[in-house]
1. Please work out the Cα center distance from segment 51-87 to segment 115-183, rounded to the nearest Å.
2. Mind checking which lysines have their C-alpha under 17 Å from Lys316, skipping anything on the same chain fewer than 8 residues away?
3. Return the sequence-ordered ³J(HN,Hα) values of segment 204-210 in whole Hz as given by the Karplus equation 6.51 cos²θ - 1.76 cosθ + 1.60 applied to θ = phi - 60°, using x for Gly and Pro.
4. Pop the C-beta distance of Ala139 and Arg35 into the FRET formula with R0 = 56 Å and round what comes out to the nearest 0.05.
5. Residue farthest toward the positive end of the dipole of the chain, with Cβ of Lys/Arg at +1 and Asp/Glu at -1: which of Gly36, Ala330, Ala235?
6. Assuming 0.36 nm per residue, please report the length gained on full extension of the stretch Arg300 to Thr69 beyond their Cα-Cα distance.
7. Beyond 30 Å, what share of the Cα-Cα pairs of the chain is found? Please give it as a whole percent.
8. Hey, rough spin-label estimate for Thr233 and Asn108, points 7 angstrom out along Cα→Cβ, what's it come to in nanometres?
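The values are calculated or read from the model by the stated rules, or taken from the named source; none is laboratory data. As the structure is a prediction and not an experimental result, all values here were calculated from the model. FYI the Cβ positions are ideal-geometry reconstructions off the backbone, even for glycines, and counts take in every protein chain you see. SASA here: full protein model, heavy atoms, side chains in, ligands and nucleic acids out. Shrake-Rupley method; radii C 1.70, N 1.55, O 1.52, S 1.80 Å.
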Amino acid sequence: SIRLGYWMDWDNSYLTMSDENNYTIWHFLKTVHERGWLYKGHDVMPWCPRCGTGISEHEIVTEGYQERTHLATFVAFPLQDEPGANLLVWTTTPWTLAANVAAAVHPNLAYIRAEQDGKAYYVAQEAARSALRGEFTVAREVTGADLIGRPYEGPFDELAAQKDIVHRVIGWDEVDAAEGTGIVHIAPGAGKEDFALSKEHELGVVAPIDEFGVYGEGFGPLTGQYVHEVAVTIAENLEQKGLLYRAEQYRHRYPVCWRCSTDLVFRLVDEWFIAMDDLRRPMMDVTHQITWHPSFGLDRELDWLAHMDDWMISKKRYWGLALPIYECTACGNV
(Lines give C-alpha, C1' and ligand atoms only; values in the text may rest on other atoms or scores of the structure.)
Protein backbone atom coordinates (compact mmCIF):
# COMPACT_ATOMS: atom_id res chain seq x y z
CA SER A 1 0.00 0.00 0.00
CA ILE A 2 2.81 2.42 0.87
CA ARG A 3 4.47 1.77 -2.50
CA LEU A 4 1.20 2.90 -4.08
CA GLY A 5 1.32 6.14 -2.08
CA TYR A 6 -1.45 4.91 0.21
CA TRP A 7 -0.67 5.62 3.89
CA MET A 8 -3.01 4.87 6.78
CA ASP A 9 -2.87 4.82 10.55
CA TRP A 10 -2.33 1.06 10.58
CA ASP A 11 -2.03 0.80 14.38
CA ASN A 12 -5.42 2.41 14.88
CA SER A 13 -7.47 0.90 12.08
CA TYR A 14 -11.23 1.16 12.41
CA LEU A 15 -13.21 -2.07 12.59
CA THR A 16 -16.57 -2.28 10.88
CA MET A 17 -18.15 -4.11 13.84
CA SER A 18 -17.03 -1.50 16.40
CA ASP A 19 -19.54 0.69 18.25
CA GLU A 20 -17.64 3.77 17.09
CA ASN A 21 -18.10 2.80 13.43
CA ASN A 22 -21.77 1.86 13.83
CA TYR A 23 -22.80 4.95 15.76
CA THR A 24 -20.90 7.21 13.37
CA ILE A 25 -22.76 5.78 10.38
CA TRP A 26 -26.10 5.91 12.20
CA HIS A 27 -25.44 9.57 13.01
CA PHE A 28 -24.63 10.17 9.35
CA LEU A 29 -27.92 8.50 8.31
CA LYS A 30 -29.84 10.59 10.85
CA THR A 31 -28.32 13.75 9.37
CA VAL A 32 -29.15 12.61 5.84
CA HIS A 33 -32.75 11.93 6.93
CA GLU A 34 -33.07 15.36 8.58
CA ARG A 35 -31.94 17.00 5.35
CA GLY A 36 -34.55 15.10 3.33
CA TRP A 37 -32.13 12.99 1.32
CA LEU A 38 -33.10 9.54 2.60
CA TYR A 39 -35.97 7.84 0.77
CA LYS A 40 -37.42 4.45 -0.03
CA GLY A 41 -37.36 3.99 -3.78
CA HIS A 42 -39.27 1.71 -6.12
CA ASP A 43 -36.81 1.06 -8.93
CA VAL A 44 -35.09 -1.57 -11.04
CA MET A 45 -31.72 -2.56 -9.60
CA PRO A 46 -28.88 -4.89 -10.59
CA TRP A 47 -29.58 -8.08 -8.66
CA CYS A 48 -27.70 -11.30 -7.94
CA PRO A 49 -30.17 -14.23 -7.99
CA ARG A 50 -27.69 -16.51 -6.24
CA CYS A 51 -26.97 -14.15 -3.33
CA GLY A 52 -30.53 -12.82 -3.28
CA THR A 53 -29.46 -9.20 -2.94
CA GLY A 54 -29.19 -5.97 -4.88
CA ILE A 55 -25.84 -4.84 -6.23
CA SER A 56 -24.91 -1.17 -6.29
CA GLU A 57 -23.63 0.51 -9.45
CA HIS A 58 -20.32 1.08 -7.63
CA GLU A 59 -19.90 -2.67 -7.09
CA ILE A 60 -20.45 -3.31 -10.79
CA VAL A 61 -18.02 -0.61 -11.89
CA THR A 62 -15.22 -1.78 -9.61
CA GLU A 63 -15.53 -5.54 -9.92
CA GLY A 64 -18.14 -5.95 -12.42
CA TYR A 65 -17.97 -7.07 -16.06
CA GLN A 66 -16.78 -10.36 -17.53
CA GLU A 67 -16.85 -11.88 -20.98
CA ARG A 68 -19.99 -14.02 -21.23
CA THR A 69 -21.71 -15.94 -24.03
CA HIS A 70 -25.51 -15.80 -24.11
CA LEU A 71 -28.22 -16.92 -26.49
CA ALA A 72 -29.28 -13.81 -28.40
CA THR A 73 -32.62 -13.87 -30.18
CA PHE A 74 -34.09 -11.97 -33.13
CA VAL A 75 -37.83 -11.90 -32.52
CA ALA A 76 -40.78 -10.77 -34.66
CA PHE A 77 -43.44 -8.60 -33.03
CA PRO A 78 -46.48 -8.65 -35.39
CA LEU A 79 -47.95 -5.22 -36.07
CA GLN A 80 -51.68 -5.11 -35.38
CA ASP A 81 -52.39 -2.41 -37.95
CA GLU A 82 -50.40 -3.96 -40.80
CA PRO A 83 -51.12 -7.67 -41.39
CA GLY A 84 -48.06 -9.68 -42.36
CA ALA A 85 -45.61 -7.02 -41.12
CA ASN A 86 -43.47 -7.34 -38.00
CA LEU A 87 -41.12 -5.30 -35.89
CA LEU A 88 -37.82 -7.18 -35.68
CA VAL A 89 -36.18 -6.86 -32.26
CA TRP A 90 -32.97 -8.27 -30.83
CA THR A 91 -32.15 -9.15 -27.24
CA THR A 92 -29.32 -10.90 -25.39
CA THR A 93 -31.65 -11.52 -22.43
CA PRO A 94 -34.52 -13.66 -23.78
CA TRP A 95 -35.86 -14.17 -20.24
CA THR A 96 -37.07 -10.55 -20.27
CA LEU A 97 -39.34 -11.11 -23.28
CA ALA A 98 -42.10 -12.44 -21.02
CA ALA A 99 -42.15 -8.97 -19.44
CA ASN A 100 -42.22 -7.00 -22.70
CA VAL A 101 -44.58 -4.01 -22.86
CA ALA A 102 -43.15 -1.79 -25.62
CA ALA A 103 -40.66 -1.50 -28.47
CA ALA A 104 -38.41 1.55 -28.83
CA VAL A 105 -37.13 3.23 -32.01
CA HIS A 106 -35.02 6.33 -32.57
CA PRO A 107 -37.33 9.00 -34.03
CA ASN A 108 -34.71 10.23 -36.52
CA LEU A 109 -33.25 6.88 -37.57
CA ALA A 110 -33.99 5.47 -41.04
CA TYR A 111 -35.97 2.22 -41.09
CA ILE A 112 -37.06 -0.06 -43.92
CA ARG A 113 -39.81 -2.59 -44.49
CA ALA A 114 -37.80 -5.60 -45.66
CA GLU A 115 -39.72 -8.39 -47.41
CA GLN A 116 -38.39 -11.92 -47.30
CA ASP A 117 -39.99 -15.36 -47.78
CA GLY A 118 -43.50 -13.97 -47.73
CA LYS A 119 -43.03 -11.98 -44.54
CA ALA A 120 -42.16 -8.36 -43.86
CA TYR A 121 -39.88 -6.97 -41.13
CA TYR A 122 -39.26 -3.41 -40.03
CA VAL A 123 -35.59 -2.93 -39.20
CA ALA A 124 -33.13 -0.04 -39.09
CA GLN A 125 -31.69 0.51 -42.55
CA GLU A 126 -28.15 0.52 -41.17
CA ALA A 127 -28.66 -2.81 -39.38
CA ALA A 128 -30.56 -4.67 -42.11
CA ARG A 129 -27.60 -6.47 -43.72
CA SER A 130 -26.29 -7.83 -40.41
CA ALA A 131 -29.67 -8.60 -38.86
CA LEU A 132 -31.40 -10.28 -41.79
CA ARG A 133 -30.17 -13.56 -43.25
CA GLY A 134 -30.27 -14.04 -47.02
CA GLU A 135 -31.70 -11.78 -49.70
CA PHE A 136 -34.57 -9.38 -49.13
CA THR A 137 -36.31 -6.58 -50.95
CA VAL A 138 -36.97 -3.10 -49.59
CA ALA A 139 -40.65 -2.32 -49.97
CA ARG A 140 -40.77 0.92 -48.00
CA GLU A 141 -38.53 3.44 -46.24
CA VAL A 142 -39.72 5.24 -43.10
CA THR A 143 -38.31 7.07 -40.11
CA GLY A 144 -38.59 5.99 -36.53
CA ALA A 145 -41.09 8.79 -35.99
CA ASP A 146 -43.42 7.07 -38.50
CA LEU A 147 -43.45 3.93 -36.33
CA ILE A 148 -44.10 5.61 -32.97
CA GLY A 149 -47.49 4.81 -31.48
CA ARG A 150 -48.19 1.77 -33.63
CA PRO A 151 -49.67 -1.24 -31.77
CA TYR A 152 -48.20 -4.72 -31.96
CA GLU A 153 -48.74 -8.20 -30.52
CA GLY A 154 -46.40 -9.09 -27.67
CA PRO A 155 -44.32 -12.28 -27.76
CA PHE A 156 -46.09 -13.71 -24.68
CA ASP A 157 -49.58 -12.22 -24.78
CA GLU A 158 -51.02 -15.60 -23.75
CA LEU A 159 -49.58 -15.26 -20.21
CA ALA A 160 -51.82 -14.14 -17.34
CA ALA A 161 -49.09 -11.67 -16.32
CA GLN A 162 -49.58 -9.90 -19.66
CA LYS A 163 -53.30 -9.32 -19.15
CA ASP A 164 -54.33 -5.71 -19.85
CA ILE A 165 -50.87 -4.81 -21.25
CA VAL A 166 -51.14 -2.71 -24.42
CA HIS A 167 -48.04 -3.01 -26.59
CA ARG A 168 -46.97 -0.02 -28.67
CA VAL A 169 -43.91 1.59 -30.25
CA ILE A 170 -42.26 4.47 -28.36
CA GLY A 171 -39.49 6.88 -29.25
CA TRP A 172 -36.14 6.80 -27.44
CA ASP A 173 -33.09 8.85 -28.41
CA GLU A 174 -30.70 6.22 -26.98
CA VAL A 175 -31.60 3.65 -29.65
CA ASP A 176 -28.92 3.05 -32.27
CA ALA A 177 -28.25 0.54 -35.03
CA ALA A 178 -24.69 -0.43 -34.09
CA GLU A 179 -25.91 -3.80 -32.78
CA GLY A 180 -29.13 -5.69 -33.24
CA THR A 181 -31.94 -4.30 -35.37
CA GLY A 182 -32.38 -0.68 -34.29
CA ILE A 183 -35.61 -1.66 -32.48
CA VAL A 184 -35.25 -2.28 -28.76
CA HIS A 185 -37.61 -4.44 -26.73
CA ILE A 186 -38.68 -2.68 -23.51
CA ALA A 187 -39.40 -4.57 -20.28
CA PRO A 188 -39.77 -2.06 -17.42
CA GLY A 189 -39.85 -4.77 -14.74
CA ALA A 190 -36.49 -6.15 -15.87
CA GLY A 191 -34.42 -3.17 -17.05
CA LYS A 192 -33.25 0.07 -15.47
CA GLU A 193 -33.63 2.30 -18.55
CA ASP A 194 -36.83 0.46 -19.39
CA PHE A 195 -38.34 1.35 -16.01
CA ALA A 196 -37.44 5.02 -16.50
CA LEU A 197 -39.14 4.91 -19.92
CA SER A 198 -42.24 3.38 -18.36
CA LYS A 199 -42.67 6.45 -16.18
CA GLU A 200 -42.04 8.81 -19.10
CA HIS A 201 -44.48 7.05 -21.45
CA GLU A 202 -46.97 5.70 -18.87
CA LEU A 203 -46.28 2.08 -19.75
CA GLY A 204 -47.43 -0.98 -17.85
CA VAL A 205 -44.87 -2.82 -15.73
CA VAL A 206 -44.51 -6.61 -15.52
CA ALA A 207 -42.07 -7.83 -12.82
CA PRO A 208 -41.29 -11.48 -13.65
CA ILE A 209 -38.84 -12.87 -11.06
CA ASP A 210 -38.40 -13.18 -7.29
CA GLU A 211 -35.27 -12.56 -5.21
CA PHE A 212 -33.71 -15.85 -6.32
CA GLY A 213 -34.36 -15.33 -10.02
CA VAL A 214 -37.40 -17.62 -10.20
CA TYR A 215 -40.47 -16.70 -12.27
CA GLY A 216 -43.56 -16.00 -10.20
CA GLU A 217 -47.20 -16.85 -10.82
CA GLY A 218 -48.82 -15.80 -14.07
CA PHE A 219 -46.00 -16.85 -16.39
CA GLY A 220 -47.37 -20.19 -17.56
CA PRO A 221 -44.68 -22.82 -18.17
CA LEU A 222 -42.02 -20.37 -17.00
CA THR A 223 -43.46 -20.15 -13.48
CA GLY A 224 -41.05 -21.77 -11.03
CA GLN A 225 -38.15 -21.80 -13.49
CA TYR A 226 -34.74 -20.21 -12.86
CA VAL A 227 -33.98 -17.14 -14.93
CA HIS A 228 -30.59 -18.33 -16.21
CA GLU A 229 -31.94 -21.68 -17.42
CA VAL A 230 -34.80 -20.63 -19.69
CA ALA A 231 -33.16 -19.10 -22.77
CA VAL A 232 -33.46 -22.25 -24.91
CA THR A 233 -37.00 -22.93 -23.63
CA ILE A 234 -38.07 -19.41 -24.57
CA ALA A 235 -36.45 -19.66 -28.01
CA GLU A 236 -38.27 -22.95 -28.66
CA ASN A 237 -41.56 -21.42 -27.51
CA LEU A 238 -41.10 -18.46 -29.85
CA GLU A 239 -40.22 -20.78 -32.74
CA GLN A 240 -43.40 -22.81 -32.17
CA LYS A 241 -45.42 -19.58 -32.36
CA GLY A 242 -43.62 -18.49 -35.55
CA LEU A 243 -42.05 -15.47 -33.85
CA LEU A 244 -38.38 -16.52 -33.71
CA TYR A 245 -36.50 -15.14 -36.71
CA ARG A 246 -33.18 -16.61 -35.60
CA ALA A 247 -31.00 -17.22 -32.53
CA GLU A 248 -27.25 -17.19 -32.08
CA GLN A 249 -24.64 -17.53 -29.36
CA TYR A 250 -23.38 -14.02 -28.64
CA ARG A 251 -20.23 -13.15 -26.69
CA HIS A 252 -20.16 -9.80 -24.88
CA ARG A 253 -19.19 -8.08 -21.65
CA TYR A 254 -21.88 -8.61 -19.04
CA PRO A 255 -22.24 -7.55 -15.38
CA VAL A 256 -21.62 -10.26 -12.79
CA CYS A 257 -21.77 -10.52 -9.00
CA TRP A 258 -18.44 -9.65 -7.39
CA ARG A 259 -19.10 -12.22 -4.65
CA CYS A 260 -19.94 -15.31 -6.70
CA SER A 261 -19.56 -14.36 -10.42
CA THR A 262 -23.22 -15.19 -11.15
CA ASP A 263 -24.69 -13.27 -14.08
CA LEU A 264 -26.70 -10.37 -12.71
CA VAL A 265 -30.29 -9.62 -13.65
CA PHE A 266 -32.27 -6.40 -13.28
CA ARG A 267 -35.20 -6.60 -10.89
CA LEU A 268 -37.91 -4.25 -9.64
CA VAL A 269 -37.46 -3.79 -5.88
CA ASP A 270 -38.01 -1.45 -2.94
CA GLU A 271 -34.70 -0.25 -1.48
CA TRP A 272 -33.44 2.66 0.62
CA PHE A 273 -31.53 5.38 -1.22
CA ILE A 274 -29.65 8.57 -0.50
CA ALA A 275 -30.61 11.20 -3.08
CA MET A 276 -27.52 12.66 -4.74
CA ASP A 277 -28.90 15.65 -6.68
CA ASP A 278 -28.42 18.15 -3.82
CA LEU A 279 -24.91 16.78 -3.22
CA ARG A 280 -23.80 16.66 -6.83
CA ARG A 281 -22.83 20.36 -7.23
CA PRO A 282 -21.06 20.73 -3.85
CA MET A 283 -19.03 17.60 -4.57
CA MET A 284 -18.09 18.89 -8.01
CA ASP A 285 -17.05 22.23 -6.48
CA VAL A 286 -14.74 20.43 -4.04
CA THR A 287 -13.37 18.31 -6.88
CA HIS A 288 -12.26 21.48 -8.69
CA GLN A 289 -10.28 22.54 -5.59
CA ILE A 290 -8.12 19.40 -5.72
CA THR A 291 -4.84 19.16 -7.64
CA TRP A 292 -5.06 15.95 -9.63
CA HIS A 293 -2.12 13.72 -10.59
CA PRO A 294 -2.47 12.65 -13.35
CA SER A 295 -4.53 15.60 -14.52
CA PHE A 296 -7.11 13.51 -16.40
CA GLY A 297 -8.35 12.30 -13.01
CA LEU A 298 -10.26 15.58 -12.70
CA ASP A 299 -12.30 14.96 -15.87
CA ARG A 300 -13.03 11.37 -14.86
CA GLU A 301 -14.19 12.38 -11.39
CA LEU A 302 -16.41 15.17 -12.73
CA ASP A 303 -17.92 12.82 -15.30
CA TRP A 304 -18.72 10.28 -12.58
CA LEU A 305 -20.29 12.91 -10.33
CA ALA A 306 -22.35 14.33 -13.20
CA HIS A 307 -23.87 10.94 -14.00
CA MET A 308 -23.94 9.14 -10.66
CA ASP A 309 -27.20 7.56 -9.59
CA ASP A 310 -28.78 7.89 -6.18
CA TRP A 311 -26.90 5.79 -3.63
CA MET A 312 -28.60 2.51 -2.73
CA ILE A 313 -27.64 1.74 0.87
CA SER A 314 -29.88 -1.23 1.74
CA LYS A 315 -29.20 -4.90 1.15
CA LYS A 316 -31.56 -7.83 1.56
CA ARG A 317 -29.03 -10.40 2.79
CA TYR A 318 -25.67 -8.65 3.13
CA TRP A 319 -24.96 -5.38 4.90
CA GLY A 320 -22.32 -3.42 6.80
CA LEU A 321 -24.63 -2.83 9.74
CA ALA A 322 -28.35 -2.87 10.47
CA LEU A 323 -30.15 0.24 9.24
CA PRO A 324 -31.89 2.19 12.05
CA ILE A 325 -35.03 2.73 9.97
CA TYR A 326 -38.41 1.80 11.41
CA GLU A 327 -41.63 2.00 9.37
CA CYS A 328 -45.09 1.92 10.92
CA THR A 329 -47.10 -0.70 9.07
CA ALA A 330 -50.35 0.98 10.09
CA CYS A 331 -49.75 4.58 9.00
CA GLY A 332 -46.49 4.45 7.02
CA ASN A 333 -44.69 6.90 9.32
CA VAL A 334 -40.91 6.50 9.33
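1. Cα centroid to Cα centroid, the span is 16 Å.
2. Candidates past the 8-residue exclusion: Lys40.
3. Working through the residues one at a time gives x, 10, 10, 9, x, 10, 8 Hz.
4. Numbers: r = 59 Å, r/R0 = 1.06.
Plugging the Cβ-Cβ distance into 1/(1 + (r/R0)^6) gives 0.40.
5. Positive-end residue among those listed: Ala235.
6. Details: separation 231, 0.36 × 231 = 83.16 nm, distance 3.01 nm.
That works out to 80.2 nm of additional length.
7. On the way: 25628 of 55611 pairs.
So the portion of pairs separated by more than 30 Å is 46 percent.
8. Here the modelled spin labels are 4.4 nm apart.
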